[in-house]
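Quick notes on the structure that follows.
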Amino acid sequence: MGHGLSQQAHAISDKINEVQAVVSEAYDGPIYESHPELCFYALNGQPIAYSKSSKRGLTFRRQLLEQKRSGIDDEYEQVLDDTLRKEVRRDDILDSMVLAIAAQSEELQSVPEDPGPEVPRIYYPTTPALADRSWSKL
């Protein structure tokens, strides 16, 4: 790929350009990248032991979301009713919900902890369970 551009970053470059095109005229603030499993980690206070596509993993993640925002499980069920599984998988619905919750967070942490200006970083919500860690904060 050359010059530090990861294969993953290259693979999503078209999506990055789509986001830029949609928000560039209407929004001039920062755009943060996040990862659903880091957000679920923050909600749970530790990594989740169950695969996100397993029944146990789906159920556990649904419970975490419902604890964070009452009624979100009803919204999840509505999305299931309104979509086909070939269009959107169950775990993708939960991923989008946790990212929406993270986007509303007042304070975010990043990985890596202290990146240089050109180093990509991933953001997720700060949680009391992780407050004693030396993560960088925005």
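Every number here is computed from the coordinates shown, using simple stated rules; none is lab data. Because the structure is a prediction, the values reported are computed rather than measured. Don't worry about glycine lacking a Cβ; one is built from the backbone with ideal geometry, like all the others, and counts go over all protein chains shown.
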*asked:* Calculate the FRET efficiency for residue 20 and residue 122 from the Cβ-Cβ distance with a Förster distance of 22 Å, rounded to the nearest 0.05.
replied: 0.75
_Two-site label geometry, residue 92 and residue 27: point separation in nm, points 7 Å out along Cα→Cβ_ = 2.0
*Which trypsin sites (Lys or Arg not before Pro) in segment 6-108 pass both tests, a DSSP loop state and at most 12 other beta-carbon atoms within 10 Å?*
85, 86
*Under a plain spin-label model, where a point goes 7 Å from the Cα along Cα-to-Cβ, how far apart in nm are residue 55 and residue 104?*
3.1
*q = 0.10 Å⁻¹, segment 32-137: log10 I(q)/I(0) [Debye, one scatterer per Cα]*: -0.30
*In segment 4-76, GluC sites (Glu not before Pro) in a DSSP loop with at most 14 other beta-carbon atoms within 10 Å*: 25, 33
*Subtracting the Cα-Cα distance from 0.36 nm times the residue separation, let me have the gained length for residue 111 to residue 82 in nm, one decimal.*
6.9 nm
